[in-house]
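Here is the structure we will look at, set down as C-alpha cells.
Coordinate-derived values only; no laboratory data. Worth saying up front: this structure is predicted, and the values here are computed from it rather than measured. Neighbour counts run over all protein chains shown; Cβ positions are idealised from the backbone, glycine included.
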Amino acid sequence: MAGPDFPLRGGPPAVDLVNTTIVERGRPRDLLATEDGLAAWLELEQERLGLDSTRGKGRLDDFHALRAALRKTFDAVASAERAPAPAVTTINQASARDPAYPELEWPKEEAARIRRRSVGRTPSPDALAAVARSAIELLGGPDRARLRHCANPACILFFVADNPRRIFCSNICANRVRVARHKRRPAGGLARSLP
C-alpha cells in the first residue's frame, strides 16, 4: 500500500506514532489525516506490533486520541516533568484493550512504573493496545531517560537516543541547525578573529 513517507521508523511504535505529525515548510502536517494514512502506517508497523493482519485494526479517532496523549506525555518526560494524569489514563485505557496488559503507574514524586493486569477475555490482536504497550514499556523502564525531543526548534519529532550526547532526531535536523547558525554569523566574523 502506498502512503506517506513516515519519519524515523525504528524507534518504539509509540514514538513512531507521535512522529506521524511532522512539520513541512514551516506548517504541521498530519500523516494520519485519513483512514488510508492509518492503514499505511499500520502496514509498516505490523510486524513490530505483532499483528497477523492490519485489516480493521483500529479507528482513526482512537489513534489520534492516543497520539495526543503520547505527545503530551513525551513532552513532559523530555522536559523532566511528570506526565499529565489524563494523558496517562488515555494510554492505560488503550493498553487495556488486550486481556493481559501493562498499566503505567506514575505516583506523585516517584518514577513511573509498570503494573501487569489481566482480565478474562479471549485475546485478539489489537494495534492500538500494542502501540500503548510500547509506550508503557518505554515510559516505565530505563529507556525513559533516553527519550528526547529534537533540538532543532523547527522540528517536532521525538527519538530515543542511542548515544547520551545525541540531541537531534537526524543528521538532516543537525545540518539545518548548523546552516542556520552559520547564516546568522556576521560577515567576516572569522576573518576578524584571525591574527
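Side notes on the structure shown:
- Lacking any other cysteine beta-carbon closer than 4.7 Å, the following Cys residues of the chain have no compatible partner: Cys173.
- Taking the Cα centre of the chain as origin and assigning +1 to Lys and Arg Cβ atoms and -1 to Asp and Glu Cβ atoms, the resulting dipole is close to 1140 debye.
- Per residue, the average separation of C-alpha pairs within less than 8 Å and at least 6 apart gives the chain a relative contact order of 20 percent.
- Largest mean-square fluctuation among Gly37, Gly140, Gly26, in a Gaussian network model of the chain whose springs join Cα atoms under 10 Å apart, belongs to Gly26.
- On the beta carbon distance between Ala154 and Val119, with R0 = 35 Å, the FRET formula returns roughly 0.20.
- Gaussian network model of the chain, Cα within-10 Å springs - most flexible of Pro102, Pro153, Pro84: Pro153
- Cα gyration tensor, region 1-102 - rounded (a/c under 1.5), prolate or oblate: oblate
- For the options Ile156, Ile136, Ile91, a Gaussian network treatment of the chain with springs between C-alpha atoms closer than 10 Å singles out Ile156 as fluctuating the most.
- Dipole of the chain, positive end: most advanced residue of Leu70, Gly26, Pro7 [Cβ charges, Cα centre]: Gly26
- Dipole orientation for the chain: of the candidates Pro153, Ala87, Ala100, Pro153 has the Cα lying most toward the positive pole (charges on Cβ; Lys, Arg +1; Asp, Glu -1).
- Region 13-193 - Rg over Rh from alpha carbon coordinates, Kirkwood radius: 1.06
- Sorted by Cβ density within 10 Å, fewest first, the residues Val18, Val119, Val77, Val88: Val119, Val77, Val88, Val18
- Residue-count net charge about Thr20 - beta-carbon cut-off 10 Å; Lys, Arg +1, Asp, Glu -1: 0
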